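Working notes, beginning with the structure itself.
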Amino acid sequence: MEDEEMEKKVQQYLHRKGFRLTELALQEERNRLSTTSLSDVSLSRLDNDPARYYDGYNKLRTWAYNSLDQYKHELLRVLYPVFIHCFMDLVAEGHTQEARSFFHKFREDHELMHSRDLQKLEGVLSPLHLEEMDLARSLRENKFRIKLCEYSYELLLQYLQKTQALVMLGIINERIIFEVSAGQPSLISDDADVVALVGTSKDLAKQINQKEVHWGLLEDSVEKRMEKALSDSDKIEAESKDADADDNNKKKSSEGGKQGGPLNKKLKKDKVVGATGKNNKSDASMVSGAPRVKSELTLPAMPVEVEQSILEDLRNRAQLNNLALPSVSFYTFLNTHNGLNCSSISNDGSLVVGGFSDSSVKVWDMAKIGQPAKTSSSQGENGSSQSEHLSTSEGKRPYTLFQGHSGPVYSAAFSPFGDFLLSSSSDSTIRLWSTKLNANLVCYKGHNYPVWDVQFSPVGHYFASASHDRTARIWSMDKIQPLRIMAGHLADVDCVQWHVNCNYIATGSSDKTVRLWDVQTGECIRMFIGHRSMVLSLAMSPDGRYMASGDEDGTIMMWDLSTGRCVSPLAGHNSCVWSLAFSCEGALLASGSADCTVKLWDVASSTKALKLDDSKAGSTNRLRLLKALPTKSTPVYNLRFSRRNLLFATGALSLGS
């Protein structure tokens, strides 16, 4: 009697709190326990029958597909989590054959949205695999969050109660959290948040994203000094011109005649033109308004000739916006025979590097392309071996060959001033080369597995690497051991990018997240969740506030580093986004993809609208596509804006595509 009263009170409590699924499960459990011992025996036999998963899922699937069109797209969201857990439960119970047939029977329903996950889960053949595979472990440890309207949720409850589908009820109750909203069902959209895996990773992201990020530029940045020097020189030049003009005017006026009037008009016109030119420069530079921060790294001194070069570039920089698009210089690799893995361009576009599957690194000097080959060779001291040095333009060779790696080269990057080159390989090493000496200077060893990406910091000297060992590492050129190791990703770290103030690096991973790390402490301070496939490319805006990320499915997302939220999600391309680059003033974003296109996006308009709507925490603003530039048959490997705002791109001609 006491047990019955206790059960009644528990049921009343669950009903009062709105825990409908739990109440339903309790009721089903009580009905099951009240049956005879004979039916208990038959039920226990049924519990071990693998067919119960097939029958339960098949009935739920048929019901969902036959629902009213208004609610069907919401109810279909339930199928993927149920399908995944039915399959994994069958494997865990040892029904491997039944699990495989179940997987292949219903796999097609989820291929469009979850093809990457399905490819990985296809390799699960035993209960041991469930423990070893990161994805399977993550799915079993966490829960899915699904958004439904109130009526869709009621329909689902009625179906479960009516059919008494205990297996489906158990999986839904244990593995899914429903977010029920009042009103009409949501529209069919590409919102990545309607079905999401939540649990420890989501809680961790919320906790991490509360930390403070100082996203501004360096207090004493080179460009700030150069812009100041440039404005000072412009003022002095303008004053000297005005003084000369005044002197000439006085001389002319002293001679008398009617020439004074037209001369004064011309002087005024010159002053107006000069003033509008200055206003255009100041309006176009969105970077100047960024806050200033102190560097946490000891920055290297900059040679005078480099400062002069930057000054010259700033003086000749083209101002870009949604009406003034950049010129694009596309370098196409021919006859690579699918051997080219990566490519990169120096800051001024004078050098292009390619990393190949045969472990070689080749550098082309654009100034020498098309010129007759020279027979002079460049050797190291005492005739060093060719494994580390190479003759420049030896015979008919139009490039400089660097050999030293013992496996395919997956990434190559020039230093900001083009005097050094980094390359990373499947041999788990990173090599530093001198483009002036044509020699290998250092071999950095620290990663345990292939190194997918390596990038110099904006000031040189420091560089970051990303690896299959799930870590990113910070290095300096003068030390062979890493300065920091960033660990936390659940799968390969596929790409890495420095923040413009050198205090942070961002990493993109096969675990579908992007993380921001503090270089000084090695601590993760932002975790960005939203991509549905591995993140392959990253770019930082010149003011340091925004970051763009591109993934394997062609999606591009722009993130606000200060808040940690996505401000511009869009389906940018039809295939992998391999490269992203912001223009120097931050007005445009360029994206390059395996779909053989370069696309230009209007960032300035989106960020202006965003700043006006800052009070709306959930507001997003999609980037506007300004122009799509298709190649004939060349996937785009790499993009870079020069300091003069010329857009460089590279790719390998793919005749088979």
Which far-off residues, 5 or more places away or on another chain, put their amide H under 5 Å from the one on LEU441, with H placed in the peptide plane?
LEU432, TRP433, SER434
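How large, in percent, is the carbon and sulfur part of the accessible surface of the stretch 460-613 at a probe radius of 1.4 Å? Working shown, then result.
Working: 2080 of 3980 Å².
Of the solvent-accessible surface of the stretch 460-613, carbon and sulfur hold 52 percent.
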Sketch the reach of a paramagnetic label on LEU68 as a point 7 Å from Cα along Cα-to-Cβ, and name the residues of the stretch 144-166 whose backbone nitrogen lies under 20 Å away.
147-163
Send over a whole-number figure in Å² for the accessible area per residue of the stretch 460-570, probe 1.4 Å.
25 Å²
What order do LYS143, LYS512, LYS8 take when sorted by accessible area (1.4 Å probe), most exposed first?
LYS8, LYS143, LYS512
Exposure ranking of SER533, SER359 by accessible area [1.4 Å probe, largest first]
SER359, SER533
Would you tell me the accessible area of ILE480, worked out with a 1.4 angstrom probe on the heavy atoms of the protein chains, in Å² to the nearest 10?
100 Å²
Using the basic label-point model (7 angstrom from Cα toward the beta carbon), what is the ASP3 to ILE177 distance in nanometres?
3.4 nm
Step through the residues of the stretch 138-145 one at a time and calculate ³J(HN,Hα) from phi using the Karplus curve (6.51 cos²θ - 1.76 cosθ + 1.60, θ = phi - 60°), rounding each to whole Hz and writing x for Gly and Pro.
5, 5, 7, 8, 10, 10, 7, 9
Expected field for ILE208, accessible surface area in Å² at 1.4 Å probe radius, rounded to 10, holds 10 Å²
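Expected output is a single nm value to one decimal: the length gained when fully extending between ASP478 and LEU625, i.e. 0.36 nm times separation in residues minus the C-alpha distance. What is it? Display every interim value, and only then the final one.
Working: separation 147, 0.36 × 147 = 52.92 nm, distance 4.31 nm.
Gain in length upon complete extension: 48.6 nm.
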Amide H proximity to SER295 below 5 Å, modelled H, separation 5+ or other chain, gives GLU219
Non-local amide H neighbours of ARG526 (under 5 Å, H modeled in plane, Pro and chain starts lacking H): which ones?
LEU516
SER309 paired with LYS211, simple spin-label distance in nm, labels 7 Å along Cα-to-beta-carbon
3.5 nm
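Grab the Cα-Cα distance for ALA51 and ARG137, subtract it from 0.36 nm times how many residues apart they are, and report the gain in nm with one decimal.
Details: separation 86, 0.36 × 86 = 30.96 nm, distance 2.42 nm.
The span from ALA51 to ARG137 would gain 28.5 nm if fully extended.
Highest mean first, what order results for 18-28, 164-174 on Cβ atoms within 10 Å?
Numbers: 18-28: 16.5, 164-174: 18.9.
Listed from highest to lowest mean packing, they are 164-174, 18-28.
For ALA487 and ARG292, what is the calculated FRET efficiency with R₀ set at 45 Å and r taken between the beta-carbons, to the nearest 0.05? Write out the running numbers ahead of the final one.
Values: r = 31 Å, r/R0 = 0.69.
Efficiency, rounded to the nearest 0.05: 0.90.
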What ³J(HN,Hα) values, in whole Hz, does the Karplus curve 6.51 cos²θ - 1.76 cosθ + 1.60 give for the stretch 563-571 when θ = phi - 60°, with x put for Gly and Pro?
9, x, 10, 7, 9, 8, x, 7, 7
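The values are calculated or read from the model by the stated rules, or taken from the named source; none is laboratory data. Computed from a predicted model, the values in this text were never measured in an experiment. Backbone-built Cβ (ideal geometry, glycine too); neighbour counts: all protein chains shown. Side chains are part of the model used for accessible areas, which takes the heavy atoms of the whole protein and leaves out ligands, DNA and RNA. Shrake-Rupley method; radii C 1.70, N 1.55, O 1.52, S 1.80 Å.
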